[in-house]
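This report refers to the structure that appears directly beneath it.
The values are calculated or read from the model by the stated rules, or taken from the named source; none is laboratory data. Values in this document were obtained by computation on a predicted structure and should not be read as measured data. No Cβ is skipped: glycine too gets one built from the backbone with ideal geometry, and neighbour counts run over all protein chains shown. Side chains included, ligands, DNA and RNA excluded: accessible areas come from the protein's heavy atoms. Shrake-Rupley method; radii C 1.70, N 1.55, O 1.52, S 1.80 Å.
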Amino acid sequence: MLILGIETSCDETAAAVVKDGFTPLSSIVSSQVDIHHPFGGVVPELASRKHIEAIVPVVHEALENAGVHASQIQGVAATQGPGLVGSLLVGFSFAKAFAYSMDLPWIGVNHLEGHINSVFLEPDPPPFPFVVLLVSGGHTAIYHVTSHTDIELMGQTRDDAAGEAFDKVSKMLGLGYPGGRVVGEMAAKGDPGKVKFKRPYLDKKEYDFSFSGIKTGVNRYIQSMGIADESQIRDIAAGFQEAVVDVLSYKLLHAARQRNCDHTAIVGGVAANTRLRDKVTDEASRIGLEIHIPSPDLCGDNAAMIASVGFHYLKRGILSDLRSDVYSRVKI
Ligand code: KG4
Ligand code: ZN
């Protein structure tokens with residue numbers, strides 16, 4: 001079954017063609033970073049307008065790269081939420097119109113289920129059940145996954161998402177937006193032992209996270225010490241990254257052990273972080289757990305993960321209808 005996936009929840013216009021839920025034939029992601037960069041964050045109004053410009057060319061490119069004609073598509077899946085409503089509406093309305101005009105089944109997909117299913121787009125995916133850490137710009141949570149669509153929330157952040165903390169620290173260090181990748185690059189050249197930040201393990205609610213304290217710690221350090229040169233920026237970035245990675249790694253592996261899962265995974269934009277990938281891989285192998293992390297292209301927002309989830313619903317005859325609407329917030 002060939003599914004066309006559409007993703008426009010934030011500042012990426014993405015389309016993909018996925019075969020039978022697991023094999024991406026194409027995955028096109030058109031980023032709006034250059035448009036939002038001068039504003040230091042995503043401007044919702046500009047994001048919606050840019051999605052409108054990009055959606056048709058991006059879908060064309062996805063079909064062309066997959067070597068598939070529009071008439072061969074058998075189902076459509078589009079992100080329904082969570083995300084920016086004005087952005088979501090562009091992809092969602094496009095998907096409705098495409099499906100209606102081609103008389104195809106279609107489904108609105110939860111973006112978070114999309115990220116979690118991104119591990120199945122790689123060879124050697126985890127068997128069920130497994131425990132997954134979702135770390136993105138808007139979410140940080142641990143889930144116990146028993147099927148593609150049966151996902152239990154075990155714990156989540158009480159304040160900032162990990163990606164959001166990376167983005168805010170990037171601004172404090174004068175590294176601009178979006179910040180995760182550049183903070184990671186700076187941190188790789190710094191000394192994580194020079195500036196230490198507290199690790200909030202939150203013992204009582206063991207799978208919950210809190211990153212606002214680390215972020216405030218960075219702010220306080222900068223206020224009191226100032227930033228003398230680039231080597232200091234690198235050391236602060238390294239100290240911050242190490243604190244975040246320690247907490248993420250500890251909680252994920254603890255959750256996997258508690259649930260007796262031999263397999264665990266990390267998904268979402270922050271899963272592209274090299275230090276997080278390396279640390280969790282090392283720690284997991286030390287305790288005999290197998291870790292699954294998608295390639296960096298599939299960690300960030302993409303439409304292949306949306307098509308993949310769509311396949312599992314459409315296969316079971318679960319469809320959306322033309323009255324369905326998008327939603328800005330939703331849980332699993
Ligand atoms: O999953 P994603 O593309 O979008 C959301 O659903 O939020 O995640 C974006 C987040 C941003 O906060 C970005 O700064 C962060 O992922 N990110 C990273 C890295 N690459 C992206 N954070 C740390 N290290 C990276 N290499
Ligand atoms: Zn995302």
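Where does the charge balance sit around Gly41 when Lys and Arg score +1, Asp and Glu -1, over other residues with C-beta under 11 Å from its C-beta? Could you put the intermediate results ahead of the total?
Details: positive: Lys168, Lys171; negative: Asp11, Glu164, Asp167.
Spelling it out: positives minus negatives among the neighbours equals -1.
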Beyond 31 Å (Cα-Cα) in this structure, taken from Lys196/Lys251; Lys50/Lys189; Lys19/Lys251, we find Lys50/Lys189; Lys19/Lys251
For the chain: accessible area per residue (Å², 1.4 Å): 43 Å²
If r is the Cβ-Cβ distance from Glu122 to Arg220 and R0 is 41 Å, what FRET efficiency results, to the nearest 0.05? 0.55
Extreme residue, positive dipole direction of the chain, given options Gly67, Gly300, Leu112 (C-beta unit charges): Leu112
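If you place +1 on the Cβ of every Lys and Arg, -1 on the Cβ of every Asp and Glu, and leave all else neutral, what size is the dipole of the range 126-293 about its Cα centre, to the nearest 20 Debye?
On the way: 21 positive and 21 negative charges, 77 e Å.
Rounded to the nearest 20 debye, it is 360 debye.
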Would you mind getting me the FRET efficiency between Lys196 and Asp297? Use the beta-carbon distance for r and R0 = 45 Å, nearest 0.05. 0.85
Space enclosed by the convex hull of the alpha-carbon atoms of the chain, per residue, Å³: 124 Å³
If you roll a 1.4 Å probe over the range 126-293 with all protein chains in place, what percent of the accessible area is carbon or sulfur? 46 percent
So what J values fall out for the range 233-242 if you push phi through Karplus, 6.51 cos²θ - 1.76 cosθ + 1.60 with θ = phi - 60°, rounded to Hz, Gly and Pro as x? 4, 4, 5, 5, 4, 5, x, 5, 4, 5
The chain, Gaussian network, Cα under 10 Å: of Val58, Val68, Val29, the residue fluctuating most is Val68
With labels modelled as points extended 7 Å from the Cα through the Cβ direction, what inter-label distance (nm, one decimal) is found for Thr274 paired with Asp325? 4.6 nm
With all protein chains modelled, accessible area of Met186 [1.4 Å, Å²]: 30 Å²
Among 240-251, 131-142, 40-51, how do they line up by average Cβ neighbours within 10 Å per residue, starting with the highest? 131-142, 240-251, 40-51
Cα-centre dipole for the chain with unit charges at Cβ (Lys and Arg positive, Asp and Glu negative), debye to 20: 840 debye
In the chain, taking the dipole from +1 charges on Lys and Arg beta carbons and -1 charges on Asp and Glu beta carbons about the Cα centre, the listed residue (Ser285, Ala238, Gly21) farthest towards the positive end is Ala238
Let me know the whole percent of all Cα-Cα pairs from the range 126-293 that are separated by more than 27 Å. 23 percent
Please get the size of the charge dipole for the range 201-285, origin at its Cα centre, with Cβ charges of +1 on Lys and Arg and -1 on Asp and Glu, quoted in debye to the nearest 20. 300 debye
Using only DSSP helix segments of four residues or longer, with each worth -39500 (n - 2.57), what per-residue ellipticity at 222 nm results for the chain after dividing by its residue count and rounding to 500? -14000 deg cm²/dmol
Dipole of the range 126-293 (Lys/Arg Cβ +1, Asp/Glu Cβ -1, origin at the Cα centre): which of Val247, Leu175, Thr216 lies farthest to the positive side? Thr216
Any lysines whose Cα falls less than 20 Å from that of Lys194, other than same-chain ones fewer than 8 residues away, would be Lys215, Lys279
Applying a 10 Å radius around every beta-carbon, put 274-284, 188-198, 90-100 in order of their mean neighbour count, most first. 90-100, 274-284, 188-198
